[in-house]
Every structure is written in C-alpha cells, then in structure tokens.
Amino acid sequence: MTNQLAQATDEILIQLSQQGQTAAYGELYQRYMENIYKYIYYRLRDEHDAEDLTETVFFKAWQALPTYEQTGVPFLAWLYRIAHNLLMDHHRKQALHQHRLPQIYAESAFIDTDNTAELDENLSTADDEQKLLAAVATLDPLHQTVLLLRFVQGLEHEAVAQIVNRTAGAVRVIQHRALKILRDKLTKP
C-alpha cells in the first residue's frame with residue numbers, strides 16, 4: 001500500500017486523506033514537509049521555531065482537509081498559504097512582545113543570479129555577500145516573501161500569487177520592484 005501511495009497523485013492522496021486514511025496524508029507530509037520547512041526557516045532563521053511552525057502548518061492543513069476543495073491550485077501552494085499566514089501571525093506576536101517590528105533575516109539564496117537578469121553578476125566576495133544580505137533585510141516582508149518563493153523555492157508566478165493572495169501580474173511587479181531596489185542598493189557607492 002505504501003508503494004501505491006508513493007505513486008499516487010496529490011489529488012488521489014487528498015481524497016484518501018479526506019476519507020480518513022492517515023497513511024495518505026502521511027505521504028503528502030513526506031512530499032512537502034521539506035519545502036515548507038525551508039520556506040519557514042528562511043524567514044525565521046531559527047531551527048526550533050521553523051520546526052514548530054512546520055508542524056503547525058501540517059496540523060492546520062489536516063484540520064482543514066475535510067473542507068479542502070481541489071480547484072486546480074496545487075496542494076503545495078495551499079500549504080505555502082497556510083505557512084505564510086502563520087509566519088505573519090508569528091511576526092505580529094513577536095512585535096507585540098518586543099515592542100518593535102520583527103527583523104526578517106535575509107539569505108543570500110534569495111537571489112538566483114542564473115534566473116535574474118536584473119542583477120548583473122554573481123557576488124564574488126564575502127563583502128559583496130554581506131551587502132546583499134543587508135539589502136535583502138531592508139525589503140518589506142512581501143518583497144522578501146516573493147523573492148524567497150520565486151528564487152529559493154523555485155515556484156512559478158501563479159503559485160506565488162496564490163500564496164500571497166495577489167494576481168500573477170502583481171507578483172511579477174512586486175518581484176521586479178524588489179529586484180530594482182536590491183540593484184539600486186547594491187550599486188550605490
């Protein structure tokens with residue numbers, strides 16, 4: 001049965017999960033846990049919190065699964081949306097506790113220079129990498145999220161749009177603006 005589940009499509013696994021077959025949901029978990037963990041970790045930069053929130057994403061997804069309807073949006077995009085909402089809640093709670101806006105740390109992997117003509121060349125020195133990290137850290141959370149989903153997670157504009165509740169065109173604009181801001185910050189003396 002496990003081998004059959006590994007071969008099953010997400011749609012079939014979702015149907016089986018909705019019918020109470022926990023092994024089918026376990027297969028969905030195995031397929032997407034690493035993606036969700038990486039997404040959360042890149043935003044938090046804390047392994048413990050990333051693990052906790054990843055588990056919460058899958059718990060919330062399990063709770064909502066009976067009402068989940070397949071609309072052509074990939075299941076992974078739905079999980080990313082849950083993760084995005086949990087991250088926003090997490091940052092709000094931290095801001096309330098710390099009486100300041102939370103710092104969202106950047107990761108140099110936000111920018112895949114092979115896929116972005118907007119940035120000129122690979123960063124070659126540690127100093128350049130630090131400048132990139134500092135520049136990414138100054139972006140607003142939506143810009144950071146779009147760059148993370150596009151270039152670290154490798155999602156298409158349409159999938160990112162579902163996650164951040166925008167149109168694909170809006171995601172393209174957000175991505176373009178974020179990359180322009182980064183380019184401007186990195187090219188200023």
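Evaluating residue 45 against the criteria (1) under 30 Å from residue 151 (Cβ atoms); (2) touching a Pro at 6+ places or on another chain (Cβ under 9 Å) leaves one unmet condition, (2). Regarding residue 146, is this residue closer than 29 Å to residue 73 by Cβ and modelled with pLDDT of 85 or more? Considered against the rule, which asks whether it is closer than 29 Å to residue 73 by Cβ and modelled with pLDDT of 85 or more, residue 146 comes out as yes. The residues of the range 22-74 that are acidic (Asp, Glu), surrounded by 15 or more Cβ atoms within 10 Å (Cβ to Cβ) and either touching a Lys or Arg at 6+ places or on another chain (Cβ under 7 Å) or over 27 Å from residue 93 (Cα atoms) (or both) amount to a single one, 27.
Consider residue 139 carefully, then state whether it is surrounded by fewer than 17 Cβ atoms within 10 Å (Cβ to Cβ) and at pLDDT below 90. Taking the combined requirement at face value, the residue does not satisfy it.
Picking from 84, 91, which residue would you name as being touching a residue at least 60 places away in the same chain (Cβ under 8 Å) and under 22 Å from residue 143 (Cβ atoms)?
84
The set of residues in the range 142-162 that are outside any helix (DSSP H, G or I) and surrounded by fewer than 21 Cβ atoms within 10 Å (Cβ to Cβ) comprises 153, 154, 156. Screening the range 165-189 for residues that are over 19 Å from the mean Cα position of the chain (by Cα) and not in a helix (DSSP H, G or I) and picking the one that is nearest to residue 150 (Cα to Cα) gives 188.
The values are calculated or read from the model by the stated rules, or taken from the named source; none is laboratory data. If you're wondering where the values come from, they're calculated on a predicted model, not measured in any experiment. Using ideal geometry, Cβ is built from the backbone for each residue, glycine included, and neighbour counts are taken over all protein chains shown.
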